[in-house]
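Input: a single structure, listed below in structure tokens.
Just so it is clear, none of the values below were taken in a lab; they were calculated from the coordinates. Keep in mind that this is a model prediction, so the values were computed, not measured. For neighbour counting, all protein chains shown are included, and Cβ atoms are generated from backbone atoms with ideal geometry for every residue, glycine included.
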Amino acid sequence: MELWRLTIHEARDLLRKGEITSEALTTAFLERIDAVEEITHAYLTVCREEVLAEAQEADRRIQRGEEAPLLGIPLAIKDVICTKGVRTTCGSRILGNFIPPYDATVMQRLKAAGALLLGKTNMDEFAMGSSTENSAYGVTRNPWNPETIPGGSSGGSAAAVAADECTAALGTDTGGSIRQPAACCGIVGLKPTYGRVSRYGLVAFASSLDQIGPMTKDVEDAALLLQVIAGRDPRDSTSVDLPVPDFTRALGQGVEGIRIGIPKEYFVSGIDPEVEEAVWRGIKLLADLGASYEEISLPHTEYAVATYYILATAEASSNLARYDGVKYGYRTPQATNLLDMYRKTRAEGFGAEVKRRIMLGTYALSSGYYEAYYRKGQQVRTLIKEDFDQAFTRYDVIITPTAPTPAFRLGEKVDDPLQMYLSDIFTIPVNLAGIPGISIPCGFSRSGLPIGFQIIGKPFAEEMILRVAHAFEQHTDYHRKRPPL
């Protein structure tokens, strides 16, 4: 048995039955990392000795009859989430040697559930990017074709899951950074409702948009992982005090009677014909299973990308002001005075894309432009949210492509930021509205690259999107396919 192929629920069942050990499972993943990491470069840090010690302790707990939802399961974590005693770089030189003194809330919850930390995954610097080409530590490659991007900014997590270098991973999603790489790598990626999962210990990019979520090999694993990390956290004032349902109970209920809205604005010129064909094939499959669908309009969709790149960059310019070489992180060794130290530290520590977004955001917030840009962006954000609110009075879910094209070639868009930004055109509105969305694989291009299918739900209706995603998955085998590494 190739243990590294196991999902969370498969590994958990075998561990409980005593048919495998956590140490054997963890060793299998470490060996898999050794075998394919040269191709993928999914990890920035591998916690080799620590995770084996944790696995041995998990085996002792299992032998004592202890139970926990993820006991003995090795996971990967995006390198933007604080992990006590383990380097957390955010893919940036400026945090190259930063070792957090505390765990993020999601890490505390994973550890309490018995999960093991395999390592930290590569990412676009400070989660700013759609291709994981903006990391200060090298590009991550798509396991399906190493000449193509894995998506971003959670490209390391997506590649690690797709290449079976972990059972599952956590990513973060500010404008599509879980769902778009999930689509590129042929895995499941779930962005929860804003406020469903605590952001405490998540290094901030855009605080009103960031959300942590699961990246998994199938929908059941996404439900299991969300179950553990969701819930109110008093240390995060934006986390919502709502009961966390049993997400796995929604699985297996089918889609009989489910009403689906198909927004015409998401099927426009510029979308890859193979993507459009695969998504429509998926919609018709759900209709065959008992759902109904109608074309709808989300009229403010065309303004979403422009709105996002005003609001997100404005928040980034504020959040990233703390990286100044004073308290932690990189400090230039050559400075003549304090102001010179600030300038050189930030010039040397930040990459080009991060600088670009800081400048955009600072401009949007500057005197004389705040009303014209930031305030207007907030008003348009409200209109985008109202489009979704209106649609959800009649429909249970909305279905769209996750990305307009399959994974593009490495280097193809690095010199054209606007083309790169349009990679997230179908995911950004979901973040602006603060609602949940999931990407599941729905086919492959003729060149063998995965295609993603996005299911969007009402606020805190993760059960519904998981239910629809699971029904689709039960009648297809795209999630079972693995890249030929």
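A few notes on this one:
- Ellipsoid semi-axes in whole angstrom, largest first, where each is sqrt(5λ) of the Cα gyration tensor of the chain: 31, 30, 21
- Ranking of 393, 382, 362, 83 by count of other Cβ atoms within 10 Å, fewest first: 393, 382, 362, 83
- Ratio of the Cα radius of gyration of region 3-258 to 2.2 N^0.38 Å, where N counts its residues: 0.93
- Across region 321-331, computed HN-Hα scalar couplings (Karplus, 6.51 cos²θ - 1.76 cosθ + 1.60, θ = phi - 60°) run 5, 6, 8, 10, x, 8, 9, 7, x, 5, 9 Hz from first to last residue, x flagging Gly and Pro.
- Cβ crowding within 10 Å ranks 307, 238, 26, 7 as 238, 7, 307, 26, fewest other Cβ atoms first.
- Beta bridges by DSSP in the chain, antiparallel share as percent, to the nearest 5: 65
- Taking label points 7 Å from Cα along the Cα-to-Cβ direction, residue 340 and residue 102 give a separation of 3.7 nm.
- Fraction of beta bridges assigned by DSSP in region 3-258 that are antiparallel (%, nearest 5): 65
- Centre separation in Å (Cα based) which lies between region 226-248 and region 115-129: 22
- Less than 5 angstrom separates the built amide H of residue 43 from those of 122, all sequence-distant by 5 or more or on a different chain.
- Exposure proxy order (Cβ contacts within 10 Å, fewest to most) of 336, 148, 172: 336, 148, 172
- Between the C-alpha center of region 252-305 and that of region 178-201 there is a gap of 20 Å.
- Centroid-to-centroid separation of region 381-407 and region 1-22 [C-alpha atoms, Å]: 37
- Cα pair distances of region 281-379 binned at 10 Å [whole percent]: 14, 28, 21, 16, 12, 7, 2, 0
- In this rough spin-label picture, where each label sits 7 Å from Cα along the Cβ direction, the residue 378-residue 66 distance is 4.7 nm.
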